[in-house]
1. Mind listing whichever residues of region 2-42 are among the β-branched types (V, I, T) and either within 18 Å of the chain's Cα centre (by Cα) or within 16 Å of A85 (Cβ to Cβ) (or both)?
2. Pick from region 25-49 the residues that are of a type in the set (D, E) and at pLDDT 95 or above: which of them is farthest from Y91 (Cα to Cα)?
3. Mind checking which residues of region 55-83 are of a type in the set (S, T, N, Q) and under 16 Å from the mean Cα position of the chain (by Cα)?
4. Every residue in region 41-74 that is surrounded by 15 or more Cβ atoms within 10 Å (Cβ to Cβ) and outside any helix (DSSP H, G or I), please.
5. Of everything in region 86-97 that's surrounded by 14 or more Cβ atoms within 10 Å (Cβ to Cβ) and within 16 Å of F26 (Cβ to Cβ), which residue is nearest to the chain's Cα centre (by Cα)?
Amino acid sequence: MVFDSAVDPDPEKIWYRSNLDQSLAFESRWEDFRRWVAKHHDVYGLGATPEAVQGHYDDVRAALATDPAGGKVGPGQFHAAFREAAYYDDYWAMRAT
């Protein structure tokens, strides 16, 4: 038998609970990313506070909802591009540009 999973086998945590835990972890990493971008406001100009960075992100997402970039990139694609930042700190500079 081969086990190929990182899922907690506890019946109280399997899948649904694991997904909720992952969502909390992503929220924490998103906060880390926004703090980092704000710390480097002089480089990226996206906001000097995590809240300002979030506001800029929200504004861009809203604009893409009404006018997709190149007619193809909407808010879903924009959001997906930032998902990788939750996994890898070394993506942060690329996502902030």
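The values are calculated or read from the model by the stated rules, or taken from the named source; none is laboratory data. All of these numbers come straight from a predicted model, not from anything done at the bench. Positions of Cβ are generated from backbone atoms using ideal geometry, with glycine treated the same way; all protein chains shown enter the neighbour counts.
1. Once the filter is applied, which keeps residues that are among the β-branched types (V, I, T) and either within 18 Å of the chain's Cα centre (by Cα) or within 16 Å of A85 (Cβ to Cβ) (or both), region 2-42 yields only V37.
2. Among those that are of a type in the set (D, E) and at pLDDT 95 or above, it is D42.
3. Q77
4. Across region 41-74, the qualifying residues are L46, G47, P68, G74.
5. Among residues in region 86-97 that are surrounded by 14 or more Cβ atoms within 10 Å (Cβ to Cβ) and within 16 Å of F26 (Cβ to Cβ), the one nearest to the chain's Cα centre (by Cα) is A86.
Rundown of residues vs (1) under 14 Å from W30 (Cβ atoms); (2) at pLDDT 95 or above; (3) in contact with a helix residue (DSSP H, G or I) (Cβ under 7 Å, 6 or more places away or on another chain), yes/no style:
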site	(1), (2), (3)
E51	yes, yes, no
R61	yes, yes, yes
L64	no, yes, yes
E84	yes, no, yes
